[in-house]
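What follows is a set of notes on a single structure, which appears directly below.
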Ligand code: GDP
């Protein structure tokens, strides 16, 4: 896949606006501020394909990017404390209707902060993925903040945590220094190969 051939398509706040599912989709999910935009940008060798935010909690939208022959689908970040109940409900509706729409989802990349144990929201998301049998891998973000000596143990810890939910692989990544990008790209591509 040519990651250099990418473009932002649109942001959708309502599921009925979503474009037709006419190509394989790679979905990205994670709590707000986990580093999702940064990871998408790094994968595509771009600085501003996805918007990196200094303040978390922007309006919940599903963002679509075309990356070569695939869609990258950026789900709205969750777990931001200051959102209203109405906003939270809209988030639930958006996510549910996306996954219920029978789209060509090849793989979901669940982002988890490599420095911290999964939050209650993360665990809820893992349960959701497991329950709906959504194929997924975990990308541990901000790996550049870990000491070299703790990397292997951290990864192993997350493998143990994620395996019961059906996780197909754990990759330690960094959007700062590119750690894990090739490994993650290989997983994305394997998922798109029939
Ligand atoms: P999103 O809300 O999940 O899309 O997160 P962003 O990509 O906007 O990143 C949130 C914050 O984390 C920003 O300040 C980023 O600069 C920082 N960040 C993201 N990825 C990394 C990383 O790999 N390493 C480090 N050190 N910081 C990161």
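The values are calculated or read from the model by the stated rules, or taken from the named source; none is laboratory data. Since we're looking at a predicted model, the values are computed, not measured. Reconstructed Cβ throughout: ideal geometry from the backbone, glycine too, with neighbour counts over all protein chains shown.
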Pick from the range 19-32, criterion within 8 Å of the ligand (Cβ to nearest atom) and assigned to a loop (DSSP other than H, G, I, E, B), ranking: nearest to residue 174 (Cα to Cα)
30
Starting from residues that are away from the ligand (no atom under 11 Å from the Cβ) and surrounded by 14 or more Cβ atoms within 10 Å (Cβ to Cβ), keep the ones in the range 33-47 and report whichever is modelled with the lowest pLDDT.
46
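Based on this model, can you work out whether residue 73 counts as within 16 Å of the ligand (Cβ to nearest atom) and either part of a strand (DSSP E or B) or surrounded by fewer than 14 Cβ atoms within 10 Å (Cβ to Cβ) (or both)?
yes
Could you list, in sequence order, the residues of the range 1-18 that are farther than 23 Å from residue 95 by Cα and part of a strand (DSSP E or B)?
Within the range 1-18, 6 is the sole residue that qualifies.
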For residue 98, indicate whether it is closer than 21 Å to residue 137 by Cβ and more than 10 Å from the ligand (Cβ to nearest atom).
yes
Just wondering, is there one or more residues in the range 114-129 that are touching a helix residue (DSSP H, G or I) at 6+ places or on another chain (Cβ under 7 Å), within 16 Å of the ligand (Cβ to nearest atom), closer than 21 Å to residue 45 by Cα and touching a residue at least 40 places away in the same chain (Cβ under 8 Å)?
no
Unique match (being within 15 Å of the ligand (Cβ to nearest atom), in contact (Cβ under 8 Å) with a residue 24 or more places away in the chain and closer than 16 Å to residue 3 by Cβ) among 188, 179, 184
184
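Only one residue in 86, 50, 60, 81 is within 12 Å of the ligand (Cβ to nearest atom) and out of contact with any strand residue (DSSP E or B) (no Cβ under 8 Å at 6 or more places or on another chain), so which one is that? Can you show your working first?
Working: 86 fails: within 12 Å of the ligand (Cβ to nearest atom); 50 fails: out of contact with any strand residue (DSSP E or B) (no Cβ under 8 Å at 6 or more places or on another chain); 81 fails: within 12 Å of the ligand (Cβ to nearest atom).
That would be 60, the only listed residue that is within 12 Å of the ligand (Cβ to nearest atom) and out of contact with any strand residue (DSSP E or B) (no Cβ under 8 Å at 6 or more places or on another chain).
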